[in-house]
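Scroll down for the structure; my scribbles are underneath it.
A short reminder: the numbers here are calculations on the coordinates, not readings from a lab. Note that the structure is a prediction, hence the values are computed from the model and not measured. Cβ placement follows ideal geometry from the backbone for every residue including glycine, while neighbour counts extend to all protein chains displayed.
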């Protein structure tokens with residue numbers, strides 16, 4: 001890294017421990033307490049401004065965009081990343097952690113073990129700050145300062161994610177890369193203008209610029225130090241090469257053909273068919289995967305996977321549309337799509353536990369499959385969100401977005417009754433609680449697609 005005067009720095013750039021100790025002074029404080037600067041650009045308008053300020057004003061080195069680690073003398077990369085505090089006091093990563101840009105022309109000649117990604121992510125000085133919308137970025141509280149790198153136990157999954165993306169580039173399909181392709185690592189779009197495209201090898205079709213990034217769900221698990229409360233899905237001898245979905249399907253296979261109630265009774269989750277616990281599907285999944293009820297599935301936490309029971313009619317149409325938690329009207333009016341809970345839910349990967357109809361109201365376990373909304377459909381979901389947002393801001397919160405107005409999503413009530421309400425702009429009048437839903441027809445198409453794409457369907 002370039003420095004005006006190395007001798008004038010308050011740390012030794014050639015000594016990793018010196019860098020870490022100096023960085024640790026930020027813990028529990030704000031950047032304003034440590035630097036002589038009045039303001040920095042808002043993080044709401046431009047990502048990366050907080051990190052740039054830490055580099056420029058605290059560590060006092062010139063900003064650069066080269067491929068070398070920020071602290072090149074010791075091989076350590078500096079990464080700053082925002083946290084948000086949820087309603088129950090829990091913390092989660094606000095966004096993915098971008099590691100380094102992807103050069104389509106070069107990456108096809110790389111091996112994972114010597115890749116640009118691993119070079120950048122093997123040793124990171126991670127600085128996490130609490131993002132609060134109303135605050136000046138200089139006043140964000142810094143919550144975490146730690147040396148971190150990709151854990152050895154996660155490298156198998158991350159390698160498979162990396163290979164999935166690189167294989168697409170090698171097939172001339174860089175333009176088809178999607179965040180839904182992978183679990184922990186993703187190739188996120190990286191351009192100031194959505195119209196920007198890059199050349200790719202093996203195809204004349206230009207592709208969106210992308211960067212290697214660790215998904216927000218994975219970073220949430222890292223940030224909250226969940227490892228003590230996480231359990232791995234155990235692999236028996238000979239299962240080492242199975243990918244995650246194949247391993248899960250193998251665990252589920254002995255239970256194919258059982259109803260949800262039969263599964264619940266098998267694992268002692270119901271008594272005399274009278275009462276079922278909340279999150280029944282999630283508990284059944286834990287039992288099938290041999291995970292303690294009070295523990296979390298490591299794979300699910302790091303990949304942001306949520307189990308979801310799906311009941312299909314004989315014609316393949318879901319019995320119910322898929323709903324998301326109800327929204328607050330004032331929050332909806334205030335938040336952009338990327339800042340919304342709805343966007344966060346759609347960014348998740350879901351484990352669909354699929355039950356097929358075999359008789360009148362008789363549904364039996366048929367299959368399991370991973371699903372995440374494709375990037376192109378996210379734009380359609382954005383249109384649904386923005387349309388509902390416009391109506392709320394205009395004082396028409398009672399006017400829902402219908403399924404006929406959007407290919408993927410709609411809005412409808414999600415309260416106990418019409419009297420179950422929330423205040424809505426502009427005057428706080430009560431409006432029935434609502435939430436976003438995936439359209440049944442769209443859900444049917446997506447389930448058909450992921451089942452058709454499964455290895456079992458092609459064998």
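Antiparallel beta bridges, as assigned by DSSP with both residues in the chain, represent about 75 percent of the total such bridges.
Suppose we keep just the DSSP beta bridges with both residues in the stretch 243-458; what percent of those would be antiparallel, to 5? Counting DSSP beta bridges with both partners in the stretch 243-458, the antiparallel share is about 75 percent. As a footprinting exposure proxy, order 251, 85 by other Cβ within 10 Å, with the fewest listed first. Ordered from fewest to most neighbouring Cβ atoms within 10 Å, 251, 85 come out as 85, 251. Run the numbers on the chain and let me know its relative contact order in percent, using alpha-carbon pairs under 8 Å that are six or more apart. Rounded, it is 11 percent for the chain. Here the simple spin-label model places points 7 Å from the Cα toward Cβ, and for residue 404 and residue 204 these points are separated by 4.4 nm.
In the stretch 6-224, what % of DSSP beta bridges are antiparallel (nearest 5)? Expressed as a percentage, antiparallel bridges in the stretch 6-224 total about 75. Diffusion coefficient (Stokes-Einstein, Kirkwood radius over C-alpha pairs, 10 °C, 1.306 mPa s) for the stretch 243-458: 84 µm²/s, rounded to a whole number. From the coordinates of this entry, mean projected area of the Cα convex hull in nm² is computed, and it appears in (1) 22.4; (2) 20.4; (3) 25.5 under the label (3). Dimensions of the stretch 6-224 based on its C-alpha atoms, expressed as ranges along the principal axes with the largest first, amount to 51, 42, 35 Å.
Relative to its residue count, the stretch 23-115 spans a Cα convex hull of 169 Å³ per residue.
Counting other Cβ atoms within 10 Å as a rough exposure proxy, the listed residues 396, 232, 364 run 232, 396, 364 from fewest neighbours to most. Stretching the chain fully between residue 36 and residue 294 yields a gain of 88.1 nm (0.36 nm per residue, less the alpha carbon separation).
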